[in-house]
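Read the structure below first, then the notes.
The values are calculated or read from the model by the stated rules, or taken from the named source; none is laboratory data. The structure presented is a predicted model; accordingly, all values stated were derived computationally and were not measured. So basically every Cβ, Gly included, is an ideal-geometry build from the backbone, and we count neighbours across all protein chains shown. In case anyone asks, the SASA skips ligands and DNA or RNA and just uses the protein heavy atoms, side chains included. Shrake-Rupley method; radii C 1.70, N 1.55, O 1.52, S 1.80 Å.
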Amino acid sequence: MALTLANTKIRSSGYDGDRLSSLPEHLICHILSFLETIDVIRAGSVCRKWRYFWVEMPYLNFNVDTIWSHPELRWSMETINGKFKDFVNWVLMSQDCSVHIQRFRLKYTNYGGDYTFCRWMNVLAQRKVQRLDLKLLSETPMELPRCIVNCESLVDLKIYFDLYCVLKLPEFPGFTGLKSLYLCKVEFSDPVVLAKFVSSCPVLESLIMHSCVFSDFKILDITAPRLRNLTINVLAFHGDGLNCEVVIACPSLVSFDLLGSPSWLSFKDTNSLQNVLLYFDSDLSDIATFEESRNLLNSILKGIRNIEVLKLSPAFLEFLLLAVPKPECFSASFCNLKSLMLYVTMDEYDQSIIHLLNRAPNLEALSVFFEWWEGWSDNWKMPNKDIPCLRDHLREVELIDIVGNNNELELIKFILKNGHVLQNMNIYWGKELENPSKIISEVMKFPRSSSDVVLTFFEPQSDIFFRQCRGKIV
Amino acid sequence: MASSSSSSSTQVKKITLKAADGKHFEVEEPVAMEMETVKSFFVGNEDAMKDMVVPLLNVSSEHMPAILDFYRNHSEFRKRTPPPPAEEVKAFNEAFLENKSDEQLMEMIMAANFLNTKELLNFLTEAAANRIKNKSVEYVRAFFGIENDFTPEEEARIRAENEWAFDGLDED
């Protein structure tokens with residue numbers, strides 16, 4: 001470098017001295033938009049210029065749990081709720097009502113027979129709210145207020161229930177502008193109403209149903225013309241959240257995550273699908289006959305044939321073992337598959353892994369997560385023959401929670417030996433492993449087919465897989 | 001934690017950026033294009049590519065390495081399949097903010113605003129918000145370096161009006 005000003009503290013032009021003049025108003029408002037409304041109002045006492053910022057603030061954020069610290073020491077629950085309602089009412093009344101609301105965030109306890117929540121929603125609809133983020137605790141089933149369903153400006157709606165709650169969906173069409181819908185801990189009671197509701201949102205692109213319950217459903221039908229992302233997650237529910245058929249008919253669908261075990265899964269008209277997570281949580285052979293299981297496997301594999309990224313749970317790998325002795329039910333190849341993530345808990349999965357690798361001739365990245373337990377037997381046998389993807393395409397391999405048992409070493413040895421174009425192999429140690437140096441020296445001795453493979457060993461990263469596929473649960 | 005040592009053999013095109021204090025930074029083209037301000041410098045001006053130095057009048061060289069590091073890492077996070085675990089992104093972001101004074105944070109917000117990159121600007125402004133969350137008015141003034149221009153009577157009146165907003169704040 002020619003210039004040597006590195007150690008001189010340089011202030012950019014125009015903002016020496018008082019920093020107020022330096023941060024333009026739109027940046028201050030940007031910072032304030034992340035805060036709770038009560039913080040923004042308090043900031044009105046900072047200086048004259050800030051006095052009425054809150055009156056035009058298009059981001060509103062009310063949280064009954066954090067608005068006052070330890071209110072329960074001073075007031076009864078009833079008083080807290082009353083004061084909170086007064087506060088929200090006062091803000092909505094005092095704000096400049098010509099300002100359109102960009103985002104409204106609320107954490108609130110809704111009591112049956114109290115229509116305050118509906119009144120707020122009315123005001124928000126009039127002020128053309130775009131994003132609604134609602135965390136609600138409700139003792140009685142809740143209904144979406146008609147004004148919200150009819151609100152044309154609404155683009156993004158999130159509803160989290162603190163405790164499972166029935167949400168009554170509208171039986172008339174609406175949500176004409178809604179692109180993203182996130183529902184958490186919602187109990188659905190009527191399959192027909194849900195199917196009709198989803199298919200009648202004309203521009204819906206993202207639907208996430210997290211920890212939802214579909215009680216007494218025979219069929220869960222998701223038909224939506226513009227839907228690109230779909231997540232159905234019933235794992236958090238103890239018991240059977242999804243003992244029904246799942247039918248996906250979404251021609252624009254790109255990404256699909258299913259966490260839970262359906263009794264049947266079929267894809268109709270899903271040619272755009274690229275990214276799929278199938279996190280089955282129970283062994284299907286317990287609940288279905290061999291023939292039924294094979295038909296189901298067939299239906300699934302047909303639906304995901306063209307995808308690029310696939311992530312599978314242990315229960316699904318076990319399910320896949322069905323296909324190993326019967327190649328006819330798994331004859332098609334995943335020609336577009338670039339990335340595969342597998343979670344391995346059992347010792348027989350070597351067959352499933354090899355089977356999948358054989359069916360994915362263009363695979364570029366493989367991640368395998370091991371969960372070791374005492375019952376593992378060291379009996380993995382890797383084939384002594386070429387696998388097309390290893391020969392031509394597989395470049396990145398990630399092996400997580402390795403504790404150095406024979407099965408893992410067999411897989412590492414096999415990949416190094418057959419991976420002709422391998423570039424990176426990352427190995428993350430499991431927490432149980434006390435001394436990795438012995439295994440490192442063993443791994444370093446394995447013959448390699450690729451001359452420029454870089455082996456990297458990492459400290460334990462606990463629960464990495466769970467964070468990746470279930471990160472939204474928390 | 002170990003780190004890999006692979007190096008790319010292909011030649012990546014570099015762009016030279018000049019910070020407010022005149023110091024030059026050679027930056028890989030895709031990283032430089034993360035900044036809308038730099039990108040717009042070249043749009044419709046194909047000849048500009050060669051040997052041109054892009055002046056960044058509002059960015060001090062003190063912050064350039066960190067800012068470039070943010071772009072490099074976040075563009076890698078975006079490209080990666082499967083996407084990186086949330087923990088990894090969080091760890092990077094936390095390390096990025098560690099040891100940054102309030103003043104440095106403010107200067108970087110100005111820089112991100114000038115460079116016109118939404119991702120960095122949102123990240124930094126949210127970090128600033130977290131630092132003033134539930135803090136007293138005096139703390140917020142000091143944080144932004146703002147003079148109190150209210151008379152004591154005015155301020156007392158405003159506080160009385162908004163009494164519930166001054167209950168149970170965090171220690172400054």
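Structure above, values below:
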| read-out | value |
| --- | --- |
| Helix A:116-126 axis, angle to chain A major axis (alpha carbon atoms, nearest 10°) | 90 degrees |
| Computed magnitude of the charge dipole of the protein assembly as shown (debye, nearest 20; Cβ of K, R +1, Cβ of D, E -1) | 1520 debye |
| Three principal axis lengths of segment B:59-98 [C-alpha, angstrom, descending] | 35, 20, 9 |
| Alpha carbon convex hull of segment A:158-226, volume per residue in cubic angstrom | 74 Å³ |
| Segment A:SER272-A:TRP75, extension gain: residue separation times 0.36 nm, minus the distance between their alpha carbons | 65.4 nm |
| Anisotropy class of segment A:333-474 from Cα gyration tensor, a/c 1.5 cut | rounded |
| Positive dipole terminus of chain A, leading residue within A:THR270, A:VAL88, A:SER199 (C-beta point charges) | A:VAL88 |
| Residue-normalised accessible area of the protein assembly as shown, given per residue in Å² at a 1.4 Å probe | 46 Å² |
| Inter-chain shielding of B:142-153 (mean C-beta neighbours from other protein chains, 10 Å cut-off) | 4 |
| A:HIS100 accessible area, 1.4 Å probe, all protein chains in place, Å² to nearest 10 | 100 Å² |
| 5 Å binning of all Cα-Cα separations within segment B:48-125, expressed as whole percents from 0 upward | 3, 13, 23, 24, 17, 11, 7, 3 |
| Buried solvent-accessible surface, both chains (B, A), 1.4 Å probe, Å² to nearest 100 | 5200 Å² |
| Accessible heavy-atom area order of A:SER189, A:SER206, highest first, probe of 1.4 Å | A:SER189, A:SER206 |
| Separation in nanometres of the label points that stand 7 Å from Cα toward Cβ, at A:VAL203 and B:LYS39 | 2.3 nm |
| ³J(HN,Hα), Karplus 6.51/-1.76/1.60, whole Hz, each residue of segment A:77-85, x for Gly, Pro | 4, 5, 5, 4, 4, x, 5, 4, 4 |
| Gyration tensor verdict on segment A:71-204 (Cα atoms; rounded if a/c is under 1.5, prolate if a/b is larger than b/c, oblate otherwise) | oblate |
| Long-range amide H partners of A:GLY174 with built H, under 5 Å | none |
| Accessible area (Å², 1.4 Å probe, nearest 10) - A:THR66 | 70 Å² |
| Fraction of beta bridges assigned by DSSP in chain B that are antiparallel (%, nearest 5) | 60 percent |
| Shielded by partner chains, segment A:36-57 residues - at least 20 Å² of accessible area, 1.4 Å probe, vs chain alone | A:ILE38, A:ASP39, A:ILE41, A:ARG42, A:SER45, A:VAL46, A:CYS47, A:ARG48, A:TRP50, A:ARG51 |
| Rg followed by Dmax, in Å, when chain B is reduced to its Cα trace | 20.7, 69 |
| Sequence-distant lysines (8 or more away, or on other chains) whose Cα lies within less than 16 Å of A:LYS85 | A:LYS107, A:LYS135 |
| Kirkwood-based shape ratio for the protein assembly as shown, expressed as Rg/Rh from alpha carbons | 1.00 |
| Heavy-atom accessible area, 1.4 Å probe, ligands and nucleic acids excluded: residues of segment B:96-127 down by at least 10 Å² from chain alone | B:GLU103, B:MET106, B:GLU107, B:ILE109, B:MET110, B:ASN113, B:LEU121, B:ASN122, B:THR125, B:GLU126 |
| Residue among A:THR223, A:PHE53, A:PHE457 farthest towards the positive dipole end of chain A, charges placed on Cβ | A:PHE53 |
| Protein accessible area in the protein assembly as shown, 1.4 Å probe - carbon and sulfur % | 49 percent |
| Lysines whose Cα lies under 22 Å from that of A:LYS49, excluding same-chain neighbours fewer than 8 positions away | B:LYS133, B:LYS135 |
| Theoretical FRET efficiency, 1/(1+(r/R0)^6), r = Cβ-Cβ of A:GLN102 and A:SER449, R0 35 Å, to 0.05 | 0.05 |
| Under Karplus coefficients 6.51, -1.76 and 1.60, residue-wise ³J(HN,Hα) of segment A:443-454 in Hz, glycine/proline x | 5, 5, 7, 5, x, 10, 8, 9, 6, 10, 6, 9 |
| Largest to smallest accessible area among A:ASP216, A:ASP350, A:ASP190 [probe 1.4 Å] | A:ASP216, A:ASP190, A:ASP350 |
| Rounded if a/c under 1.5, otherwise prolate or oblate - segment B:103-172, Cα gyration tensor axes | prolate |
| 3J(HN,Hα) from dihedral phi, segment A:191-200, Karplus parametrisation 6.51/-1.76/1.60, rounded to Hz, x for glycine, proline | x, 5, 5, 4, 4, 5, 4, 4, 6, 9 |
| Accessible area in the full protein assembly, largest first, 1.4 Å probe, for B:TYR139, A:TYR428 | B:TYR139, A:TYR428 |
